[in-house]
1. Looking only at residues that are of a type in the set (S, T, Y) and surrounded by fewer than 21 Cβ atoms within 10 Å (Cβ to Cβ) in region 306-323, which one is farthest from the chain's Cα centre (by Cα)?
2. Working carefully through the options T242, T259, T278, find the one that is over 19 Å from H122 (Cα atoms), touching a residue at least 12 places away in the same chain (Cβ under 8 Å) and of a type in the set (S, T, N, Q).
3. Inside region 188-237, can you point out the residues that are farther than 15 Å from V343 by Cα, buried (at least 16 other Cβ atoms within 10 Å of the Cβ) and either touching a Lys or Arg at 6+ places or on another chain (Cβ under 7 Å) or at pLDDT 90 or above (or both)?
4. Filter region 160-204 down to residues that are hydrophobic (A, V, I, L, M, F, W, C) and either under 22 Å from the mean Cα position of the chain (by Cα) or assigned to a loop (DSSP other than H, G, I, E, B) (or both), then give me how many there are.
5. Looking at region 146-159, is at least one residue at pLDDT below 80, in contact with a Ser or Thr (Cβ under 9 Å, 6 or more places away or on another chain), hydrophobic (A, V, I, L, M, F, W, C) and assigned to a loop (DSSP other than H, G, I, E, B)?
6. State all residues of region 252-305 that are surrounded by fewer than 24 Cβ atoms within 10 Å (Cβ to Cβ), touching a Pro at 6+ places or on another chain (Cβ under 8 Å) and closer than 13 Å to F57 by Cβ; if no residue qualifies, say none.
7. List every residue pair whose Cβ atoms sit under 6 Å apart, with the two residues 6 or more apart in sequence or on different chains, where the first one lies in region 58-72 and is within 17 Å of T46 (Cα to Cα) and the second, anywhere, is modelled with pLDDT of 90 or more and assigned to a loop (DSSP other than H, G, I, E, B).
8. Counting just the residues of region 103-119 that are in contact (Cβ under 8 Å) with a residue 60 or more places away in the chain and assigned to a loop (DSSP other than H, G, I, E, B), which one comes out farthest from I357 (Cα to Cα)?
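The values are calculated or read from the model by the stated rules, or taken from the named source; none is laboratory data. Note that the structure is predicted; figures quoted are calculated from it, not measured. Cβ: placed from backbone, ideal geometry, glycine included. Neighbour counts: every protein chain shown.
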Amino acid sequence: MSFLSYKKDYLKGDISSGLVVATLVIPQGIAYALIAGLPPVIGLYTATIPVLIYLLFGSSPHVSIGPVAIISILIYSGVTPIAAIGTTEYMEYVLVLTVLVGVIQFLLSSMKFGVIVEYVPHGVISGFTSGCAVIISMNQISEMVKIPLYDRSNMISSLWMILTHMDEIHVISSIMAILSIIVLILLKKMIPNYPQPIILIIISVFCVYLLNLDMYGVALIGKIPMGMPPLVFPVFTMEKITSMIPIAIVIAFIGFIETFAIGKVIAKKEGYSLRSNTELKSLGLANIVGGFFSAMPVAGGFSRSAVNYSSGAITKFSSVLSVGIVLVSLIYLTSLFSFIPKVVLSTIILLSVIKLIDVKETAEILRNNVLDGFILLSTFTVTIIAGPKFGLVIGILLSILIGMRKVNISYIEN
């Protein structure tokens, strides 16, 4: 194969994957911003400048950086107790949070902390991820039936709220949700190599236009500002910094773990090495800069990275192309996004996050190692009852205590 044809093959794979990832990140970005309690456009801003910063310094050509579901729910659970959604204050806290996450990640990379993260027990990550997936799923179900939740980070109270307000279910939104799930499942089977979420969104927009569904109570995304991500200067005060530090530490930790986990899997398949501290530093820089361009914290997305890789991405140009498409959409196409039904975005998120609940893996861990299984179930239980940040802390503390116990037993026996 000649050098020219070799480069053409690279270009073909990168263009293909860039187009597919862009069609995936646009609805995801809008949806994840809504989960975080932010305007939809913030999700699109998050998929632009921070991604470019990561690409400049990151070591993986396949990881797709941007807004992710777990980080969105953590933002919501961390900021809502302090500021009201929809206010300028809420956005200010999120921007401060984004920069703090980046600073923490950058400082940890300077201390070579990336290597240590690789030794976090898999049970902690699995239990936490599954717990967050359950919480996110419950939030999407509430959006589908249009029953508001008082505490989105608590699965028990959310379930109770829905069950005790069944008479308030919005019938048309619920029917639309069920039909959207069916259509999305069928599309995945019929055209697995095409961007099914975008096709579903196009169908739903036509339905809204033809049937005037918004007149019957179906909630739409609404007007999205047009233009490039604006340059802003977060207002740092001691009160904001101290109140955001706890959740910033959790997001910094989880964001890196999610990014490195998917990157490591792909790197192993492709036969190249992934430098943990380089990834941690790159993620930190992306978040620091992102906070000055109206972005929420970013991380590597499992689904987007997998799609990027399976669609033929070879170099970082695929991600550059997807960023370019998002920017073009922000400048010219935001008027079309305003007709997207929120319930359709909820179904897209629901079917995506359900995959994170790995029952088979949990059963295998419980069968092979009782202590690891105990850590997994404890992390999962605390996460869905007390919230993500408490679940993660409990999981790590339990793994440390059990690790110390093993060391003591080994010392006594010797």
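1. Residues of region 306-323 that are of a type in the set (S, T, Y), as a first pass: 309-311, 315, 318-319, 322.
Filter once more, keeping what is surrounded by fewer than 21 Cβ atoms within 10 Å (Cβ to Cβ): 310-311, 315.
Details: S310: 19, S311: 20, T315: 23 Å.
The residue in question is T315.
2. That would be T278, the only listed residue that is over 19 Å from H122 (Cα atoms), touching a residue at least 12 places away in the same chain (Cβ under 8 Å) and of a type in the set (S, T, N, Q).
3. Within region 188-237, Q196, P229, P234 meet the criteria.
4. Kept after step one, since they are hydrophobic (A, V, I, L, M, F, W, C), are these residues of region 160-204: 160-163, 166, 169, 171-172, 175-179, 181-187, 190-191, 198-203.
Adding the requirement that they be either under 22 Å from the mean Cα position of the chain (by Cα) or assigned to a loop (DSSP other than H, G, I, E, B) (or both) leaves 169, 177, 181, 184-185, 191, 198-201.
Result for region 160-204: 10.
5. Yes, there is a match, as at least one residue in region 146-159 is at pLDDT below 80, in contact with a Ser or Thr (Cβ under 9 Å, 6 or more places away or on another chain), hydrophobic (A, V, I, L, M, F, W, C) and assigned to a loop (DSSP other than H, G, I, E, B).
6. Answer for region 252-305, where residues must be surrounded by fewer than 24 Cβ atoms within 10 Å (Cβ to Cβ), touching a Pro at 6+ places or on another chain (Cβ under 8 Å) and closer than 13 Å to F57 by Cβ: just V289.
7. Every condition considered, the pairs that remain are I65/V298; G66/A47; G66/V298; I71/P297; S72/A36.
8. K112
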